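Written out below as structure tokens is the structure these notes cover.
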Amino acid sequence: MDTRLLRAFITLADTANYREAASRLCISQPALTKQIKLLENQLGIILFQRGRHGAVLTESGQALLPYAKQAINQIMELLNQAIALGEKPPLSLNVGFGISTFQEASFFVARLREKLPNIAIQLDDMPSHEMEKQLQEHQLHIAFTRHLDTAATKTLTSQKLKQEVLALAIAQGHQKKSTINDYLAQYPLLTLRAQRGLGLYQQIQRYLQSEGVKITPLQEANDIQTLIALVAAKVGVSLVPYSARHISREDICFIPIQHHKQAQWQIDVVWQSSLPKAWQTVIYALIDEVHKEFTDNNNSVIPIY
């Protein structure tokens with residue numbers, strides 16, 4: 001069976017939207033529709049019902065989806081193992097990063113391109129839950145992401161990068177308060193949508209719960225840049241990764257929430273164990289360079305060695 005058909009099935013099931021699924025697959029909507037119909041004909045089963053709310057899985061589609069994902073994972077693992085055994089490097093590398101590693105990931109990829117000049121390297125911003133998913137599906141080769149427990153799997157290797165902390169973003173000119181809770185009590189809270197940044201959303205909820213603070217956000221945004229713009233406009237304040245200050249404006253102040261367990265988390269560099277051993281040696285070396293570059297310049301947050 002053509003793996004493209006299985007990927008089309010899985011992606012459409014995840015998005016429930018033909019336009020978004022086609023965009024992720026880098027094909028047209030008619031091409032996606034054709035692939036889904038072809039798969040349905042091969043299986044003799046209707047997988048989706050198409051309505052005004054998008055593509056909805058049928059009961060049969062829901063039952064087959066886990067098997068489709070398992071089949072794709074097994075096929076990708078087969079290909080990755082074949083590459084590892086033959087020491088044949090992939091034609092391109094896909095690298096994912098989040099807002100907390102904007103500087104580190106950019107530096108890493110720039111140096112990686114110098115080390116591997118003949119390999120196309122794609123760097124994409126995505127939330128941690130999407131990076132974890134793409135790593136497991138072997139679509140992503142390297143990720144700068146929240147800590148993943150890779151000890152139980154032979155498919156992924158990880159290295160600690162740093163600790164990140166939450167920070168309160170406020171516009172300059174706001175009256176100074178004694179504590180973070182005082183700011184949250186005085187000004188409306190602006191947050192990132194859970195669907196866009198599930199890890200950050202859960203981190204903020206854990207922090208607020210530990211402080212006994214119950215707040216209904218005034219507004220949600222799809223990206224950190226929009227949150228920063230809203231804060232600058234004095235619509236409210238926001239809890240964001242402290243590293244967001246690197247992409248912020250001069251009229252925003254960031255107050256890091258230090259020495260609070262629920263306001264900090266670990267950032268790792270994670271990569272596919274099937275990458276050529278020589279490349280993995282380069283990855284380890286570049287992580288050391290990242291540590292040195294950003295620790296010496298005090299640009300990073302609480303590095304881990």
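At-a-glance table
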quantity	calculated
Selection from the stretch 21-37 of residues that are in a helix (DSSP H, G or I), within 27 Å of the chain's Cα centre (by Cα) and not aliphatic (A, V, I, L, M)	Ser23, Arg24, Gln29
Every residue from the stretch 94-129 that is of a type in the set (Phe, Trp, Tyr) and part of a helix (DSSP H, G or I)	Phe102, Phe107, Phe108
Filter result (loosely packed, with under 15 Cβ neighbours inside 10 Å and among the charged types (D, E, K, R)) within the stretch 171-185	Lys176, Asp182
All positions within the stretch 89-125 that are buried (at least 18 other Cβ atoms within 10 Å of the Cβ) and hydrophobic (A, V, I, L, M, F, W, C)	Leu93, Val95, Phe97, Ile99, Phe102, Ala105, Phe108, Val109, Leu112, Leu123
Residue match in the stretch 231-238 (condition: under 23 Å from Leu135 (Cα atoms) and open to solvent by 50 Å² or more (accessible area, probe 1.4 Å))	no
Residue list for the stretch 91-123, restricted to those being of a type in the set (Val, Ile, Thr) and closer than 24 Å to Pro241 by Cα	Val95, Ile99, Thr101, Val109
From the options Glu164, Glu137, residue that is under 17 Å from the mean Cα position of the chain (by Cα) and at pLDDT 90 or above	Glu164
Filtered residues of the stretch 209-238 (kept if among the polar types (S, T, N, Q) and part of a helix (DSSP H, G or I))	Gln209, Ser210, Gln225, Thr226
Number of the condition not met by Met76 [criteria: (1) surrounded by fewer than 18 Cβ atoms within 10 Å (Cβ to Cβ); (2) closer than 24 Å to Leu93 by Cα]	(1)
Unmet requirement for Leu64, which otherwise passes all of (1) open to solvent by 60 Å² or more (accessible area, probe 1.4 Å); (2) assigned to a helix (DSSP H, G or I); (3) modelled with pLDDT of 90 or more	(1)
Scope the stretch 94-126; condition in contact (Cβ under 8 Å) with a residue 60 or more places away in the chain and basic (Lys, Arg); matching residues	Arg111, Lys115
Inter-residue pairs, beta-carbon under 6 Å, first touching a residue at least 24 places away in the same chain (Cβ under 8 Å) and in the stretch 216-234, second of a type in the set (Lys, Arg), 6+ apart	Glu220/Arg193; Asn222/Arg193; Asn222/Arg196; Ala232/Arg249
Number of the exception - Val213 against (1) within 25 Å of Lys69 (Cα to Cα); (2) exposed (fewer than 14 other Cβ atoms within 10 Å of the Cβ)	(1)
Answer residue from the stretch 255-264, given it is within 21 Å of the chain's Cα centre (by Cα) and open to solvent by 20 Å² or more (accessible area, probe 1.4 Å) and is farthest from Phe107 (Cα to Cα) among those	Gln262
Any hit, the stretch 34-55, residues being at pLDDT below 85, surrounded by fewer than 14 Cβ atoms within 10 Å (Cβ to Cβ), closer than 24 Å to Ala143 by Cβ and out of contact with any Pro (no Cβ under 6 Å at 6 or more places or on another chain)	no
Any hit, the stretch 133-149, residues being open to solvent by 60 Å² or more (accessible area, probe 1.4 Å) and over 30 Å from Ala110 (Cβ atoms)	no
Matching strands (runs of 3 or more DSSP E) fully within the stretch 130-208 where at least 1 residues are of a type in the set (A, V, I, L, M) and closer than 21 Å to Val270 by Cα	142-146, 156-171
Selected residue [open to solvent by 30 Å² or more (accessible area, probe 1.4 Å) and of a type outside the set (A, V, I, L, M)] from Pro188, Pro276, Pro241	Pro188
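The values are calculated or read from the model by the stated rules, or taken from the named source; none is laboratory data. For clarity, every value in this text was computed on a predicted model and none was experimentally measured. Every residue, glycine as well, gets a Cβ built from its backbone with ideal geometry; the counts of neighbours run over all protein chains shown. Please note that ligands, DNA and RNA were not included when accessible areas were found on the heavy atoms of the full protein model with its side chains. Shrake-Rupley method; radii C 1.70, N 1.55, O 1.52, S 1.80 Å.
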